[in-house]
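The values are calculated or read from the model by the stated rules, or taken from the named source; none is laboratory data. Because the structure is predicted, anything quoted here is derived from the model rather than measured. Glycine gets a Cβ as well: all are built from the backbone with ideal geometry, and neighbour counts include every protein chain shown.
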Amino acid sequence: MKTLVLSILCVASVALADDFKTIDGKKDKNVKVKRVEPDGIVLSINYGISKVYFTELPKEVQERFHYDPAKAAAYSTQQNQNLEAWRKQQAQAQVQAQPQEAQATAAAVEPMAKKARTAKERA
């Protein structure tokens with residue numbers, strides 16, 4: 001029974017595979033569309049996952065996936081703003097973590113320094 005289900009799933013996954021050719025001639029065969037975003041298609045390819053932007057695809061493919069340049073531009077702008085906000089947040093977190101790391105290092109070094117001073121005083 002498990003073999004039958006597995007066989008059906010394999011056939012179904014092959015049936016859903018597609019070929020894509022970009023306007024510059026790059027071909028990807030037997031790819032699966034993972035998701036469609038306003039500015040492109042995320043594909044599962046035999047070597048990983050890749051995003052192909054609609055501007056890189058022929059008009060027929062753009063129409064097939066309902067590409068709208070205005071929506072794509074707005075989406076890309078929003079994604080870039082989100083990425084920039086995330087980068088700023090990461091930079092701030094790193095700056096805030098530096099004093100804490102310095103304090104932790106000082107706290108770890110202090111007992112060793114105290115032992116060294118004590119040993120030096122005894123000598």
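Of 97, 85, 119, 70, which residue is surrounded by 10 or more Cβ atoms within 10 Å (Cβ to Cβ), part of a helix (DSSP H, G or I) and more than 18 Å from the chain's Cα centre (by Cα)?
97
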Report task. Considering every residue within the range 14-21, establish whether at least one is small (Gly, Ala, Ser), more than 26 Å from residue 80 (Cα to Cα) and not in a loop (DSSP other than H, G, I, E, B). Result -> yes
Report summary line: So, first residue assigned by TED's automatic domain parsing to the domain that holds residue 59 in the range 28-41, second residue surrounded by fewer than 19 Cβ atoms within 10 Å (Cβ to Cβ) and of a type in the set (Phe, Trp, Tyr), Cβ within less than 6 Å, six or more apart or across chains; the pairs are 36/65; 38/75; 39/53; 39/75; 40/53
